[in-house]
1. Taking the conditions exactly as written (aliphatic (A, V, I, L, M), part of a helix (DSSP H, G or I), more than 10 Å from chain A (Cβ to nearest Cβ) and surrounded by fewer than 24 Cβ atoms within 10 Å (Cβ to Cβ)), does residue B:118 satisfy them or not?
2. Suppose the filter is closer than 26 Å to residue A:348 by Cα, away from chain B (no Cβ under 14 Å) and of a type in the set (Val, Ile, Thr); does residue A:208 pass it?
3. Restricting to the range B:160-181, and then to whatever is more than 8 Å from chain A (Cβ to nearest Cβ) and modelled with pLDDT under 85, can you tell me which residue is nearest to residue A:146 (Cα to Cα)?
4. Mind counting the residues in the range B:198-211 that are within 25 Å of the chain's Cα centre (by Cα) and either at pLDDT below 70 or not in a helix (DSSP H, G or I) (or both)?
5. Limited to the range A:199-229, what total is found for residues that are open to solvent by 10 Å² or more (accessible area, probe 1.4 Å) and within 22 Å of residue B:135 (Cα to Cα)?
6. Looking only at residues that are out of contact with any Ser or Thr (no Cβ under 7 Å at 6 or more places or on another chain) and under 30 Å from residue A:443 (Cα atoms) in the range A:262-302, which one is nearest to the other protein chains (Cβ to nearest Cβ)?
7. Can you pull out the residues in the range A:462-489 that are open to solvent by less than 80 Å² (accessible area, probe 1.4 Å) and hydrophobic (A, V, I, L, M, F, W, C)?
8. Any residue at all in the range A:251-273 that is in contact (Cβ under 8 Å) with a residue 40 or more places away in the chain, more than 26 Å from residue A:149 (Cβ to Cβ) and assigned to a helix (DSSP H, G or I)?
Amino acid sequence: MPLILVLILAMGAVTAYLPLPERRIRDLGVVAAAVSSALAVYIAWPAFEAVLGTDSFINGPTGIFGPGALWYLDSLAAMMMLLIATISLSSAIISHRYLAHEFREKIVSLTDIRHYYSMVPLFVASMYVAVLSNNVGLLWVAIEATTLSTTLLVAFYRKRSAIEAAWKYVLLCSLGISLGLVGVLLTTYAAGQNGVNSSLLLSTFRDIATAGGVNTELMKWAFVFLFIGIGTKIGFVPMHAWLPDAHSKTPSPVSALLSGILLNVVLVSLLRFRQVADIALMDDGAWTGKFFLVFGCLSIAIPALIMVIQKNYKRLLAYSSIEHMGLMAFAIGLGPAGIIPAVMHMPGHALLKSSLFVGAGEIFLMYKTTDSAPVIDVWKRLPKTALLFLLTLLMLLAVPPSAVFVSEMIMIGFGLRDYLLPTLLVVVSLTVAFVAMTRHIYAMFFNPALTTASAGHMPAEKWNVTHVIMIIQLIAAVALGIFYLTPKGLELMVSIAQSLNSGLL
Amino acid sequence: MITTFTSSEVTTIALAVSFLLCAFLGSGKFRLGQIIRYYALQSLFLAGLLVSMAAYGDEHLYLSALGVIIFKVILIPAIISTSAKRSSASGRLTSFVRPAPSYFVSGITLLLAVLAGMSIAPALEETDLILTVTAFAAMFLGGAMMAVRRDLYSQIIGFFTLENGIAILAAATLGAIPLLAEVGIFFTITIGALLMSVLSRRLKELYAVEDTGELRELVD
């Protein structure tokens, strides 16, 4: 079934080069996204039914998704599948309008549109493979494929800055993923050293680790390489240099995919390896947790400070993504229970950040720049976008009843109990980020430089599909926050977090 | 006590030393053609190493060696050369340091790599120490080349030298890896080479230089 999913997306990529008019290529892009998303939900759903206790998955994944198979579908993988399906479909729908506008304005050509619709499905397919793969070789190829398939999307507008961003992106991410490959090799070797015939399967590594068959010294080396390597792709500070450039230079619907979902996918991949290390080291994640705690705190504090001096609204959002990945890392570093708020944080951040990026896309279409200074009076020029952007931003900044609010409250609660000083640093940094973002957006939205008289001549903004998507995702993020507070919601998230447990949860 | 080596061990050591020598010499060259040729040559020695390891019984490594020859000895150097020619790249490359200090940096890097390789070697109980040290040396040399050199093409070659080090580590630790994963890795790095070549050409067109020090548009 996963192969069919990949095949559908590959066909979607091929159809972009059929001799069809531009409009048809965009239509087919939406169709490919819709069909693949429906299939992804179909594949993922049994894992959720397992949590509700109504399905054969209740005893864990079996068959083609079970241990020993090429694919592995547990509730965490299912959640990621659902997120990829949602965000990729939203992005495809918004791309339809976004690229039509850019094509009309002659910003992009038909060839550009073909490239776009061939790269995006391959990118989405790579993410599906990464979350489903049980084979570490395939997982590595999938993560690297996410970089390769998006490099030309970063360079999409062919400006100097875009090419510069793409160069840094492909070089630094490939370097990071190569170091990650060293970690993968060492993990595989460590799991096969004591005479056990090691495959390249993560589930087998876990079994060997549980049986005490992993060389712990080597596993530590492996984890260092994995953390630095894959951490580069996640954008942990100080390996983050490529991220604000790349995420701000892609077309906004792709930025939504990069920031909203790809970072989570890569983090989950790192956590799969971390689970093997934790089981092998038998210390409840204490050793690996230190890495997450330190890099998490750095990834929250430094971007918060940079946000204060930021002059580009898409880079502002990109730095916010680093900050949120830092928050998840911080939560993971708090101990086994910290995985619960980290996992809870993923859907909220994915929905809200992708919405903000597509909202930023609407602003870009109107003002033709991502620099903040020329963007004034958005509240009057784009009232619908501005309202939705503002509400989404507040939800992302953890204003209740957002899902992000619930996850952040839990992680800060755990943090204050176990790690007072780092948690205080996090709270201060979050406050700085809150002030920086709201101040920045306030200046863009409510700058009175545009007179009321001139505002009167502007055509009123009409509702469009981007607004609909933003509303749906905003409601979903709020509903998720409320759902987390119900017993069933908490049970579901604990169950998903248990996919990553090393024995304590 | 006199240590004796078998003929296959002598072959492995000779190939490893030749591989490293190519990586080391390439790191101090400032002609584009030369660094591409040194990369192709080190890849050829890598293929030789794989063949010598295959002789121990892991016949799958013969296929890996063939893959290395096709992709790394022929295809990747050809892609980089073609891209450089199409963008009329200068044959003279730029660096933060001159050739002599460049070799000095590479020498220090090699020393650090030997230390790193020897620290990790005890954990890699059954793995050949020479191969482990060679792998780390190539990774470190590649990394140093990326850091010290400022031109686009040296950075690409630095990256692929690093990747060659990982290939040696893979062969030394795991022997052969499943064909699907191996083919995937070969294709991935080849596509990486293609993309880097396309981008380097575009950068050359836009900036009219190959110096990455000029890439300063994106700052906070």
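The values are calculated or read from the model by the stated rules, or taken from the named source; none is laboratory data. No experiment lies behind these values; they were computed from the predicted model shown. Here Cβ is always computed from backbone atoms with ideal geometry, including for glycine, and neighbour counts include all displayed protein chains. Quick note on the areas: whole protein, heavy atoms, side chains included, nothing else; ligands and nucleic acids left out. Shrake-Rupley method; radii C 1.70, N 1.55, O 1.52, S 1.80 Å.
1. Numbers: aliphatic (A, V, I, L, M): yes; part of a helix (DSSP H, G or I): yes; more than 10 Å from chain A (Cβ to nearest Cβ): yes; surrounded by fewer than 24 Cβ atoms within 10 Å (Cβ to Cβ): yes.
For residue B:118, the condition - aliphatic (A, V, I, L, M), part of a helix (DSSP H, G or I), more than 10 Å from chain A (Cβ to nearest Cβ) and surrounded by fewer than 24 Cβ atoms within 10 Å (Cβ to Cβ) - is met.
2. no
3. Taking the range B:160-181 first, the residues more than 8 Å from chain A (Cβ to nearest Cβ) are B:160-161, B:164-165, B:167-168, B:171-172, B:175-176, B:179.
The next check asks that each one be modelled with pLDDT under 85; those that pass are B:171-172, B:175-176, B:179.
Details: B:171: 25, B:172: 28, B:175: 27, B:176: 25, B:179: 21 Å.
For the range B:160-181, the residue satisfying everything is B:179.
4. From the range B:198-211, those within 25 Å of the chain's Cα centre (by Cα) are B:198-204, B:209-211; that's our starting set.
After this cut, where a residue has to be either at pLDDT below 70 or not in a helix (DSSP H, G or I) (or both) as well, the list is B:209-211.
Number satisfying all stated conditions: 3.
5. Total satisfying the criteria: 9.
6. Here is the first cut: in the range A:262-302, the residues out of contact with any Ser or Thr (no Cβ under 7 Å at 6 or more places or on another chain) are A:264-272, A:282-283, A:286-299, A:302.
So of that shortlist, the ones also under 30 Å from residue A:443 (Cα atoms) come out as A:296-299, A:302.
Working: A:296: 21, A:297: 20, A:298: 16, A:299: 16, A:302: 11 Å.
Among residues in the range A:262-302 that are out of contact with any Ser or Thr (no Cβ under 7 Å at 6 or more places or on another chain) and under 30 Å from residue A:443 (Cα atoms), the one nearest to the other protein chains (Cβ to nearest Cβ) is A:302.
7. From the range A:462-489, those open to solvent by less than 80 Å² (accessible area, probe 1.4 Å) are A:464-471, A:473-474, A:476-481, A:483-484, A:486, A:489; that's our starting set.
Scanning the range A:462-489 gives A:465, A:468, A:469, A:470, A:471, A:474, A:476, A:477, A:478, A:479, A:480, A:483.
8. Step one: list which residues in the range A:251-273 are in contact (Cβ under 8 Å) with a residue 40 or more places away in the chain, which gives A:251-273.
After this cut, where a residue has to be more than 26 Å from residue A:149 (Cβ to Cβ) as well, the list is none.
There is no residue in the range A:251-273 that is in contact (Cβ under 8 Å) with a residue 40 or more places away in the chain, more than 26 Å from residue A:149 (Cβ to Cβ) and assigned to a helix (DSSP H, G or I).
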